Amino acid sequence: MLGTGTPFPSAERAGSGIAVIHNGEAYLFDAGHGTVQRAIQAWKTMDAPELNPPMIKNVFLSHLHSDHTMDYSELAATMWWRREARLNAYGPKGLQDMTNGYYDMQKTDISLRTDGIQPIDDKTMYRVAVNEIPKDGIIFNKNDVTVEAFSVDHGDIEPAYGYKITTPDKSIIFSGDTSYSENLIKKSKGADILIHEVVSEEGWNALPSDWKAYHGAAHTLTSELAKVANKAKPDLLVLTHILHFGAPIETAYSEVKELYDGEVVLAKDLDEY
């Protein structure tokens, strides 16, 4: 878990992001603020050399909200001149524009490095291979890793995707940001791990009515997530992107457990499953 937080700043939780490591490679899903630093921490302290940023070849963005994308440019820019393979990015329409914005933002730095005396074998390696997802379906199938993108309901954000990641060892569902989604339930049935966003109902109930309406339409309340889990029956339910507002963060866990008796964990950054 590279980041289990939300748009609210936190010293303990980076923005949204997970890494799936298989067969010597890391696959990133979302790249919120601080997730690259978390990747470096995992590389250095958890024996995960695959998370050395220039070694990461593939990143998948669920949608283009800032708390899921702020470290996309950080990932692309970090030691790009040491890359042996280009970064591949997958995500919804708008990803190419976002990438072009990264090039514009770093225009001076890129020029200094590519036109100066710095010895660089491939001076185009700062460029990202962008893959905008045209429709639901399998978007990646290499190295015994299959990634399927499927639509979820994140308020008025369209498209927004969840991802099903399948290896010979595990099937993992990453919800991205979503309200209650029958499509996600269908994709999640029997998964080894379901990593799902969550909203504490105790915290949500104390919000002003307009913010209650927004978060209720864009995110998944604990009672709704318990319903998802009871239908999908994953081996492990991982709570992430934990919106709890003024309530203790643990309420997200306790509220789900009241209605779901399967295995549940309240994720923290750098947890490993």
Note to self: What distance in nm separates the two pseudo spin-label positions at Asp97 and Ala11, each 7 Å out from Cα along the beta-carbon direction?
What the structure shows: 3.8 nm
Notebook entry, point to check: Of the cross-linked pairs Lys93/Lys186; Lys123/Lys170; Lys170/Lys212, which ones have a Cα-Cα span greater than 27 Å in the structure shown?
Noted result: Lys123/Lys170; Lys170/Lys212
Next item on the list: Give me the distance between the Cα centres of segment 129-165 and segment 59-127, rounded to whole Å.
Entry: 20 Å
Item checked: Entry for semi-axes √(5λ) of the Cα gyration tensor in Å (calculated from the structure that is shown) out of (1) 35, 21, 18; (2) 30, 22, 19; (3) 32, 20, 17 -> (3)
Item checked: Shape parameters for segment 150-273, alpha-carbon atoms, Rg then Dmax in Å -> 13.7, 46
Note to self: Nearest 500 deg cm²/dmol is fine: what mean residue ellipticity at 222 nm does the chain get from its DSSP H runs of n ≥ 4 alone, each adding -39,500 (n - 2.57), divided by its residue count?
What the structure shows: -8000 deg cm²/dmol
Next item on the list: Mind putting together the pair-distance distribution for segment 56-139? All Cα pairs, 10 Å bins, whole percent per bin, short to long.
Entry: 17, 49, 26, 7, 1
Next item on the list: Please list 203-210, 95-102 highest first by mean number of surrounding beta-carbon atoms within 10 Å per residue.
Entry: 95-102, 203-210
Item checked: Ala26 long-range amide H proximity, modeled H, under 5 Å -> Lys57
Next item on the list: Kindly work out what percent of the DSSP beta bridges joining two residues of the chain are antiparallel, to the nearest 5.
Entry: 50 percent
Notebook entry, point to check: Just how large is the dipole of the chain about the Cα centre, in debye to the nearest 20, putting +1 at every Lys and Arg Cβ and -1 at every Asp and Glu Cβ?
Noted result: 620 debye
Item checked: Spatially proximal aspartates and glutamates relative to Lys189 (Cα-Cα < 19 Å; intrachain offsets below 8 disregarded) -> Asp136, Glu148, Asp153, Asp169, Asp177, Glu197, Glu224, Asp235, Asp261, Glu263
Check: Along segment 188-203, what does the Karplus equation 6.51 cos²θ - 1.76 cosθ + 1.60 (θ = phi - 60°) give for ³J(HN,Hα), rounded to whole Hz, x for Gly and Pro?
Finding: 8, 4, x, 5, 5, 9, 10, 9, 9, 5, 7, 10, 5, 6, 4, x
Checklist line | Per-residue ³J(HN,Hα) for segment 148-162, Karplus 6.51 cos²θ - 1.76 cosθ + 1.60, θ = phi - 60°, Hz, x for Gly and Pro | finding: 10, 8, 9, 6, 10, 9, 10, x, 8, 8, 9, x, 10, 10, x
Check: Short version: ³J(HN,Hα) in whole Hz for each residue of segment 257-273, in order, from phi by Karplus 6.51 cos²θ - 1.76 cosθ + 1.60 (θ = phi - 60°), x for Gly and Pro, what are they?
Finding: 5, 4, 10, 9, 9, x, 6, 9, 10, 8, 6, 10, 4, 6, 4, 9, 10
Item checked: Sparsely packed GluC sites (Glu not before Pro) within segment 32-97, loop by DSSP, other Cβ within 10 Å at most 10 -> Glu84
Notebook entry, point to check: Based on the alpha-carbon gyration tensor of segment 104-171 and its eigenvalue square roots a ≥ b ≥ c, which shape applies: rounded if a/c is under 1.5, prolate if not and a/b is larger than b/c, or oblate?
Noted result: oblate
Margin query: Test of the criteria: in segment 107-198, which trypsin sites (Lys or Arg not before Pro) are in a DSSP loop and have at most 11 other Cβ atoms within 10 angstrom of their Cβ?
Written below: Lys135
Item checked: Mean separation of Cα contacts under 8 Å, 6 or more apart, over the residue count of segment 18-266: relative contact order % -> 13 percent
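Read the figures in this text as sums done on the coordinates, not as results from a lab. Everything quoted here is computed from the prediction, not taken from an experiment. Cβ atoms come from the backbone with ideal geometry, glycine included; neighbour counts cover every protein chain shown.
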